[in-house]
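S.K.: Attaching a single structure in structure tokens format; questions to follow.
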Amino acid sequence: MVYMGSKAKITDYIVPVIQSHIAVSGSRTYIEPFCGGCNVIDKIKANNRIAADKNEYLIALFKHLQSGGKLPDAVTKEEYDRVRADKERFPAWYVGAVGFLASFNGRFFDGGYAGYGKDKGRIRDYYQESRNNILQQMQQGGVFGIDFRSGDYREYAPEGCVIYCDPPYVLSTRNRKQYKDEMTDADHVELLETLLKHKGPVIISGYASEMYDDILKGWSREEYSNYAQNAKPRKEIIWCNRLCKKHGTT
């Protein structure tokens with residue numbers, strides 16, 4: 001699924017790093033606390049894969065598709081507004097489908113109705129593009145077998161499991177306002193301090209951040225350029241904890 005902040009275009013770099021830590025550590029369980037569009041976990045091979053996200057509607061959407069559920073053929077502006085105004089009236093998976101697939105850049109009811117647009121003389125239906133994208137992702141099969149959960153990963157992160165975190169970007173790395181329900185810098189500090197205590201390999205990715213470097217002292221660090229269309233390259237970083245470093249795979 002395509003959304004703002006997705007790692008879909010750079011999985012060729014990230015997935016081998018994660019996969020090597022799973023193989024060398026012998027871990028049977030792999031967890032993504034911020035699974036988002038599942039563009040990384042759907043390519044990971046592990047005995048147990050857990051995808052978690054605090055957005056219950058996102059998790060419900062993936063569970064719906066896992067069980068063979070269908071998606072609406074179209075979402076009008078009127079339907080989008082109805083669902084946004086009264087989410088409790090609709091099934092959770094449907095709220096997820098409308099909120100993520102029909103919102104601009106996949107920002108759950110935060111980016112506005114995507115609707116239609118023009119690109120090089122052709123009309124684009126953004127909901128249909130998002131719908132086709134997630135259905136193609138399901139057809140590729142990587143999402144099946146994932147254990148989807150909503151809530152705090154600390155409740156089900158066993159000792160020794162491999163954790164990969166792709167949290168929302170630190171505010172100081174961006175020149176824009178904070179989105180609704182987005183992590184604050186204080187939330188990031190709490191997350192990092194929690195991950196420091198985990199007894200197993202931990203991999204974190206994101207834009208360059210002094211906050212991360214200050215807290216994750218002693219972790220190995222790799223950086224590379226992330227090229228986006230019509231944008232300047234930005235420095236993406238992968239931080240790996242000492243257990244990853246000890247295995248000699250970073």
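S.K.: If you scan the stretch 98-123, which residues turn out to be in a loop (DSSP other than H, G, I, E, B) and open to solvent by less than 70 Å² (accessible area, probe 1.4 Å)?
M.R.: Selection gives ALA102, ARG107, PHE108, PHE109, ASP110, GLY111, GLY112, ALA114, GLY115.
S.K.: What do you reckon, is ASN55 open to solvent by 20 Å² or more (accessible area, probe 1.4 Å), in contact with a Lys or Arg (Cβ under 6 Å, 6 or more places away or on another chain) and closer than 28 Å to HIS21 by Cα?
M.R.: When the stated conditions are applied, ASN55 does not pass them.
S.K.: Among the residues of the stretch 58-92, write down those that are within 17 Å of ASP147 (Cβ to Cβ) and open to solvent by 60 Å² or more (accessible area, probe 1.4 Å).
M.R.: LYS63, SER67
S.K.: Checking PHE148 against (1) modelled with pLDDT of 90 or more; (2) part of a loop (DSSP other than H, G, I, E, B); (3) open to solvent by less than 40 Å² (accessible area, probe 1.4 Å), which single condition isn't satisfied?
M.R.: The one condition PHE148 does not meet is (2).
S.K.: Additional query: Do we have any residue at all in the stretch 89-96 that's charged (D, E, K, R), assigned to a helix (DSSP H, G or I) and over 20 Å from ILE59 (Cβ atoms)?
M.R.: No, the stretch 89-96 contains no residue that is charged (D, E, K, R), assigned to a helix (DSSP H, G or I) and over 20 Å from ILE59 (Cβ atoms).
S.K.: Does the stretch 23-41 hold any residues that are modelled with pLDDT of 95 or more, hydrophobic (A, V, I, L, M, F, W, C) and farther than 19 Å from MET183 by Cβ, and which are they?
M.R.: Of everything in the stretch 23-41, just one residue is modelled with pLDDT of 95 or more, hydrophobic (A, V, I, L, M, F, W, C) and farther than 19 Å from MET183 by Cβ, namely ILE41.
S.K.: To continue, here is another question. Could you check SER205 against (1) out of contact with any Cys (no Cβ under 8 Å at 6 or more places or on another chain); (2) among the polar types (S, T, N, Q); (3) modelled with pLDDT of 80 or more and say which number it fails?
M.R.: Status for SER205: all satisfied but (1).
S.K.: Okay, next question. Condition first: at pLDDT 85 or above and open to solvent by 10 Å² or more (accessible area, probe 1.4 Å). Now tell me which residues in the stretch 160-185 satisfy that.
M.R.: Within the stretch 160-185, GLY160, ASP166 meet the criteria.
S.K.: Which ones in the stretch 219-250 are at pLDDT 60 or above and open to solvent by 40 Å² or more (accessible area, probe 1.4 Å)?
M.R.: ARG221, GLU222, GLU223, SER225, LYS232, PRO233, ARG234, LYS235, ARG242, LEU243
S.K.: Would you confirm, using the coordinates I've provided, whether SER27 is free of Cβ contacts under 8 Å to residues at least 12 places away in the same chain and under 18 Å from ILE146 (Cα atoms)?
M.R.: no
S.K.: What pairs can you find where one residue is in the stretch 94-110 and of a type in the set (Asp, Glu), the other is in a helix (DSSP H, G or I), and their Cβ atoms are less than 9 Å apart, with a gap of 6+ or different chains?
M.R.: Taking only residues 6 or more apart or on different chains, the pairs are ASP110/GLY99; ASP110/PHE104.
The values are calculated or read from the model by the stated rules, or taken from the named source; none is laboratory data. The shown structure was predicted, so the numbers you read here are calculated from the model rather than taken from an experiment. In this analysis, Cβ positions are derived from the backbone assuming ideal geometry, glycine residues included, and neighbour counts consider all displayed protein chains. Just the protein is used for accessible areas: all its heavy atoms, side chains included, with ligands, DNA and RNA removed. Shrake-Rupley method; radii C 1.70, N 1.55, O 1.52, S 1.80 Å.
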